[in-house]
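S.K.: My structure is below; once you've seen it, I'll send some questions.
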Amino acid sequence: MKAVALALLLALTSVLALAGAPKPVIRIENPGQCIAPAAEMRKNHMEMLKHQRDRTLRQGIRGEAASLNECINCHAGKTSGTVTGQDGFCQQCHSYVAVKLDCWDCHQPKAGNQHAATGVKP
Amino acid sequence: MSAPQNRINNPSRRNFIAATAVGAASLGAVALAPGLHLIEVSQASAPSAGASSKVRWGMLIDTTKCASGCDECVQACNTENGINETVQDARQGSQWIRKIDLKDPQSGRQHSLPMMCQHCEKPPCVDVCPTGASMKRADGIVLVDRHICIGCRYCMMACPYKARSFVHQPLTEQNPQVPRGMGCVESCTFCVQRVDRGLKPACVEACPEGAMTFGDLNDPNSDIARRLANEASTQVRADLKLGLGVRYQGI
């Protein structure tokens, strides 16, 4: 009897462990072609952005395909206008994998040109 | 400590990355090897060539035209670069450019001038930076790489022109082209985001007196180079022999 109870308990915990945290809900609000297939973007977007940022800042190379501003322009929520926040495109996955995002400490997470060089709070 | 700097400054790695990126742009989609893909470019426009060492950006400021009490250049800088935060202590506010009024006590002559990063050829801020965040582009523009700035403020101490500021508080509503945030040092960038698009810095465009001239010091046909060749100009603290990109007249 004890063995059966133990087996049941083990089975139950393993099922729970498999279930894990709820998967992130990824909403693409502006469907279109990304600069690379989704699988590659998921795996390598950080590398793309990191190398691009160094080339842009240090060598002055502008207009590359990988660009944080271009990420935002496509992936910002239509209603929220941003990639951050609870349902934000970036935030969803980064919360799931527990990787802190500090891009937005300096970069503007909102889409569109309405923030271009206004110098005042919208 | 030297690892990130070496990685960034390693020219062969850089050139490889840049070359492969250009290759990707021309070929469309590239797979170098299984698992090693390069970017498929959906946007057709090719990236720009980047800063060239053939160019040396500089500025000539005619202080005889600069009116005391006018701060149009400061306002334009703040607008362009999104410097709009309210600071608790006024001494902590960011100043990428500031107006200075000078008076000769002997003659009583007064004049006014804007002071900002002088974009030195041999910048002390770059010398002292422990992480390699302070850097000079090939075209002479001195910048802070905020990605690796640790906010030690050593460069602020080293700068003879008090040109740099430290951001003390969290910021929002930045210009997308001008990221800035808490914990990093910042200073005048010659509006690098505009210069790379072929525009002049915001202060130069805003000056109502036309007292500021911006251009390529290396191009003998440029307005600024012609004037420097024919008119007297001064480098502030020329004794330091830093090779300034910003020159003044009438001081």
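S.K.: If you go through the stretch B:53-82 one residue at a time, how many are touching a residue at least 60 places away in the same chain (Cβ under 8 Å) and either part of a loop (DSSP other than H, G, I, E, B) or over 28 Å from B:N218 (Cα atoms) (or both)?
M.R.: So the answer is 14.
S.K.: Among the residues of the stretch B:62-85, write down those that are aliphatic (A, V, I, L, M) and more than 16 Å from the chain's Cα centre (by Cα). Outline the logic, then answer.
M.R.: Restricting attention to the stretch B:62-85, the residues satisfying the condition of being aliphatic (A, V, I, L, M) are B:67, B:74, B:76, B:83.
Answer for the stretch B:62-85, where residues must be aliphatic (A, V, I, L, M) and more than 16 Å from the chain's Cα centre (by Cα): just B:A67.
S.K.: What number of residues within the stretch B:196-251 satisfy the criterion of being more than 16 Å from B:H119 (Cβ to Cβ) and not in a loop (DSSP other than H, G, I, E, B)?
M.R.: Residues in the stretch B:196-251 being more than 16 Å from B:H119 (Cβ to Cβ) and not in a loop (DSSP other than H, G, I, E, B): 9 in total.
S.K.: Right, something else. Of a type in the set (V, I, T), assigned by TED's automatic domain parsing to the domain that holds B:A133 and in a strand (DSSP E or B): does that describe B:T189?
M.R.: No; evaluated as a whole, the condition is false for this residue.
S.K.: Please enumerate the residues belonging to the stretch B:120-140 that are buried (at least 22 other Cβ atoms within 10 Å of the Cβ) and either among the acidic types (D, E) or more than 8 Å from every other protein chain (Cβ to nearest Cβ) (or both). Before you say what the answer is, go through the steps one by one.
M.R.: Step one: filter the stretch B:120-140 for residues buried (at least 22 other Cβ atoms within 10 Å of the Cβ), giving B:120, B:123, B:125, B:129, B:133-134, B:137, B:139-140.
Correct list: B:C120, B:P123, B:C125, B:C129, B:A133, B:S134, B:D139, B:G140.
S.K.: Something else now. So which of A:A36, A:A21, A:A66 is in a loop (DSSP other than H, G, I, E, B) and away from every other protein chain (no Cβ under 14 Å)?
M.R.: Of A:A36, A:A21, A:A66, the one residue that is in a loop (DSSP other than H, G, I, E, B) and away from every other protein chain (no Cβ under 14 Å) is A:A21.
S.K.: A follow-up question, please. Show the residue pairs meeting these rules: Cβ distance below 6 Å; 6+ apart or different chains; first residue within the stretch A:35-47 and under 22 Å from B:S45 (Cβ atoms); second residue buried (at least 17 other Cβ atoms within 10 Å of the Cβ).
M.R.: These pairs meet every condition: A:I35/A:A65; A:I35/B:I39; A:A36/B:I39; A:A36/B:E40; A:E40/B:H37; A:M41/A:C34.
S.K.: Pairs, please: C-beta under 7 Å, at least 6 apart or cross-chain, first residue farther than 14 Å from B:V144 by Cβ and in the stretch B:181-198, second hydroxyl-bearing (S, T, Y) and modelled with pLDDT under 95?
M.R.: B:D196/B:S48
The values are calculated or read from the model by the stated rules, or taken from the named source; none is laboratory data. If you're wondering where the values come from, they're calculated on a predicted model, not measured in any experiment. FYI the Cβ positions are ideal-geometry reconstructions off the backbone, even for glycines, and counts take in every protein chain you see.
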